[in-house]
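Novice: First the structure, which I've put down as structure tokens, then a few questions once you've had a look.
The values are calculated or read from the model by the stated rules, or taken from the named source; none is laboratory data. Quantities reported herein were computed from a predicted structural model and do not represent experimental measurements. We place every Cβ from the backbone using ideal geometry, glycine too, and count neighbours over all the protein chains shown.
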Amino acid sequence: MADLADEKCAPCKGGAAPLRGGELTPLARQLGEGWRIVDEHHLEREFGFANFRDALAFTNRVGELAEAQNHHPDIYLAWGRVKLTLWTHKIDGLSQSDFVFAAKVNALSPG
């Protein structure tokens with residue numbers, strides 16, 4: 001399987017079924033540690049930083065990525081941390097694009 005981070009988020013036209021069960025396992029495995037699948041509905045990950053400035057800079061990088069990929073996560077920014085929540089709103093669940101975006105975020109993260 002190709003590296004998820006090399007793929008492009010595909011626009012969802014709705015009507016497709018969200019990924020479930022065994023469909024999620026190989027994709028989650030490619031993301032590595034840190035990302036959690038919550039209720040087979042969304043992905044979550046929290047990133048830690050030394051200060052607010054670094055957390056904000058990361059948030060801005062994620063925002064630029066979101067615009068470039070046309071795939072927009074929910075972002076929670078606080079002192080020293082950023083929490084991302086991803087799912088495909090049109091299907092109210094997870095699609096391959098959510099995993100692609102998460103892999104791209106991994107490449108942006110400090111570790």
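Novice: Identify, from the list 98, 92, the residue that is charged (D, E, K, R), surrounded by 14 or more Cβ atoms within 10 Å (Cβ to Cβ), in contact (Cβ under 8 Å) with a residue 24 or more places away in the chain and under 17 Å from residue 44 (Cα atoms).
Specialist: 98
Novice: Ok, one more. Which one of these is out of contact with any Lys or Arg (no Cβ under 7 Å at 6 or more places or on another chain), charged (D, E, K, R) and at pLDDT below 95: 64, 33?
Specialist: Going through 64, 33 in turn, just one is out of contact with any Lys or Arg (no Cβ under 7 Å at 6 or more places or on another chain), charged (D, E, K, R) and at pLDDT below 95: 33.
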